[in-house]
Amino acid sequence: MAEETMSAFFSDKPVYRFAPSPNGLLHLGHALSALLNHDMARTANGRFLLRIEDIDLARCTPEFEQAIYRDLAWLGLDWERPVRRQSEHFGTYHAALDRLTEMGLVYPAFMTRGDVKAAVAAYEADGNVWPRDPDGSPIYPEDDRHRSETERQQLIARGLRHAHRLDMRKALDLVGHPLAWTETGDGGRGQIPADPAAWGDVILSRSDAPSSYHLSVTVDDAAQGITHVVRGLDLFEATAVHRLLQELLDLPEPLYHHHRVVLGKDGRKLAKSEGSTGLAALRDQGLLPGDIRRMVGL
């Protein structure tokens with residue numbers, strides 16, 4: 001399959017997408033997002049696309065992918081074919097990463113999770129507070145960002161595994177103006193100020209994955225001509241990073257609609273490990289698609 005160019009297309013119809021990862025079975029939270037995308041596309045006389053986000057080859061399986069198709073068909077959803085699968089577009093993500101690298105915005109990051117944890121623990125042992133990103137994870141230390149090019153090449157030559165991270169400060173300096181996105185969902189309405197710096201130097205690729213979620217979802221949305229991104233509020237803050245990447249790569253800006261997240265009995269976001277909320281389990285119990293709609297508040 002020929003890889004796309006980085007120039008996106010937009011059709012004359014609004015385009016929505018549901019983009020699950022085949023690393024587990026779909027649950028009620030996925031049902032809400034899929035149904036909303038499908039319903040909003042139909043109401044707007046638009047297009048509804050399905051994207052399989054299988055960038056994580058270690059956890060994603062063909063069995064889970066087939067289960068996604070079964071569950072969505074059972075819900076009564078119909079989507080355009082062929083389905084875009086991320087594992088078929090690694091070259092597209094590499095091209096985007098290369099472009100950012102040529103702009104001087106990417107550096108190799110050698111610290112492991114253990115290294116970061118140790119650095120944070122040592123810093124906070126004296127009563128300091130290490131900065132966290134919106135998800136609560138520690139911001140990546142600055143050590144690798146300040147390495148010389150000679151030292152970086154020496155470490156790579158030694159075979160040290162590394163990720164590629166975006167130099168957030170350089171990226172924001174290059175953009176040179178405040179960022180925002182247009183929101184129509186539960187997180188607010190109108191122009192939402194974007195603060196990508198809150199995430200620190202985000203990962204763009206890892207040694208075990210050719211692309212990060214941030215990079216691949218931004219590239220995919222542009223390649224598919226997505227005009228409306230409808231997804232859960234758990235990704236609300238991440239939109240700031242996506243807006244930055246869109247600016248850097250000269251990609252179109254979709255409209256965003258972040259919807260409420262379906263919570264479990266413990267008040268926390270549903271997980272794929274919770275079988276009781278899985279669509280397949282609920283179907284086996286005799287529930288119908290209309291029951292699922294009512295359960296998610298539709």
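What follows draws every value from the coordinates through simple rules; no lab data is involved. The model shown is predicted, which means the values in this text are computed figures rather than measured ones. Cβ placement follows ideal geometry from the backbone for every residue including glycine, while neighbour counts extend to all protein chains displayed.
Tabulated results
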quantity: Shape call, the range 234-298: gyration tensor on alpha carbons, a/c limit 1.5; calculated: prolate
quantity: Gaussian network model of the chain, Cα within-10 Å springs - most flexible of 101, 239, 227; calculated: 101
quantity: Reach of residue 265 by Cα under 24 Å, taken over lysines that are not fewer than 8 positions away in the same chain; calculated: none
quantity: Scaled radius of gyration (Cα, divided by 2.2 N^0.38 Å) that the range 33-124 gives; calculated: 1.59
quantity: Estimated FRET transfer efficiency when R0 is 25 angstrom, pair residue 293-residue 81 (beta carbons, to 0.05); calculated: 0.55
